[in-house]
Amino acid sequence: MEEWSEEALHDGLRIKIRIDKLLFDSKTEHQRLQLFESKAFGRVLTLDSVVQTTESDEFIYHEMMAHLPILAHGKAKRVLIIGGGDGGMAEEVLKHKSVERVTMVEIDAGVVEFSKQYLPNICKDAFDDPRLNLVIADGAKFVAETDERFDVAIIDSTDPIGPAEVLFTEAFYGNVKRCLNEGGIVATQNGVPFLQGDELTSTLAAFRKLFRDPTCYLATVPTYVGGPMAFGWGTDDASLRQVTEETLAERFKAAGIETRYYTPAVHKAAFALPPYIQDMIE
Ligand code: SAM
């Protein structure tokens with residue numbers, strides 16, 4: 001009898017992925033964690049039955065959330081990751097040898113321990129990198145209290161349900177801004193606008209109050225069904241979004257990073273928003 005993992009993230013829509021081999025299924029302190037092999041997507045990690053990341057397309061999401069803000073910034077040395085328990089974001093950020101310290105604040109130690117063991121193709125040796133400072137805590141509490149400062153903040157959270165709900169509030173974004181150095185950039189996981197438009201509208205309403213340059217950029221991640229995914233972008237330095245493709249190419253070359261999705265041309269094009277999404281953020 002075939003087993004299927006069923007995601008019911010969106011009202012009126014259920015998405016099923018066949019479980020070809022269940023590798024792990026348990027409750028952590030915060031959420032139900034499942035991992036399974038799927039012919040279509042390789043290993044698939046779900047939290048509360050919502051797809052978090054898959055071996056087959058995680059590169060798109062992690063490259064676009066890590067390299068785009070870091071290369072736009074140009075001098076990022078200290079990076080904050082909120083969430084990111086699977087280690088994929090930290091792995092991508094740590095490819096930048098110019099980055100001196102990555103603080104990763106993940107609420108669920110179970111996801112980290114699990115990912116080290118079951119998702120080595122995603123986290124690789126990120127958790128062993130001496131530049132990584134792993135903090136097991138609620139990201140909202142962390143940014144409200146820390147005296148650390150960052151050049152880039154990446155909000156790699158689950159969707160605004162359960163423990164991640166607090167990571168989509170104006171208060172949280174205000175505290176993230178508090179933790180940014182001058183000219184700092186925040187990038188947020190903001191779902192698929194075609195199905196989760198309210199999330200993006202709400203984040204950008206907060207960003208418009210907090211940042212001189214609030215917008216979003218796009219990438220299509222196949223397992224986040226419904227079309228292009230939006231990443232919130234907030235910074236007070238509007239010139240960072242105007243960095244030329246030539247300059248990005250110089251920085252990308254100097255970083256010496258192999259990618260399968262990110263390029264300087266893709267970077268620039270990611271900010272070209274179709275009217276149906278532009279309307280959501282104005
Ligand atoms: N790529 C995925 C996506 O787009 O949905 C997210 C990947 S990562 C697995 C999301 C992480 O956010 C999870 O490990 C979850 O435990 C963590 N998380 C949720 N709420 C959090 C909070 N309040 N503070 C810190 N981490 C949180």
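Every number here is computed from the coordinates shown, using simple stated rules; none is lab data. Just so it is clear, the model here is predicted, and its values are computed rather than measured. Here Cβ is always computed from backbone atoms with ideal geometry, including for glycine, and neighbour counts include all displayed protein chains.
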*Residues (of a type in the set (D, E, K, R), within 12 Å of the ligand (Cβ to nearest atom) and surrounded by 16 or more Cβ atoms within 10 Å (Cβ to Cβ)) located in segment 7-60*: 7, 48, 57, 58
*Just one of (1) part of a loop (DSSP other than H, G, I, E, B); (2) more than 12 Å from the ligand (Cβ to nearest atom); (3) within 26 Å of residue 32 (Cβ to Cβ) trips up residue 160, so point out which.*
(2)
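To keep it simple, each residue is scored yes or no on (1) under 30 Å from residue 10 (Cβ atoms); (2) touching a Lys or Arg at 6+ places or on another chain (Cβ under 8 Å); (3) surrounded by 18 or more Cβ atoms within 10 Å (Cβ to Cβ).
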{"site": "82", "(1), (2), (3)": "yes, no, yes"}
{"site": "86", "(1), (2), (3)": "yes, no, yes"}
{"site": "119", "(1), (2), (3)": "yes, yes, yes"}
{"site": "137", "(1), (2), (3)": "yes, no, no"}
{"site": "148", "(1), (2), (3)": "no, yes, no"}
{"site": "164", "(1), (2), (3)": "yes, no, yes"}
{"site": "169", "(1), (2), (3)": "yes, no, no"}
_Cβ-Cβ under 8 Å, sequence separation 6+ or interchain: first residue in segment 113-133 and farther than 14 Å from residue 62 by Cα, partner of a type in the set (Val, Ile, Thr) and part of a helix (DSSP H, G or I). Which pairs?_
115/122; 127/112
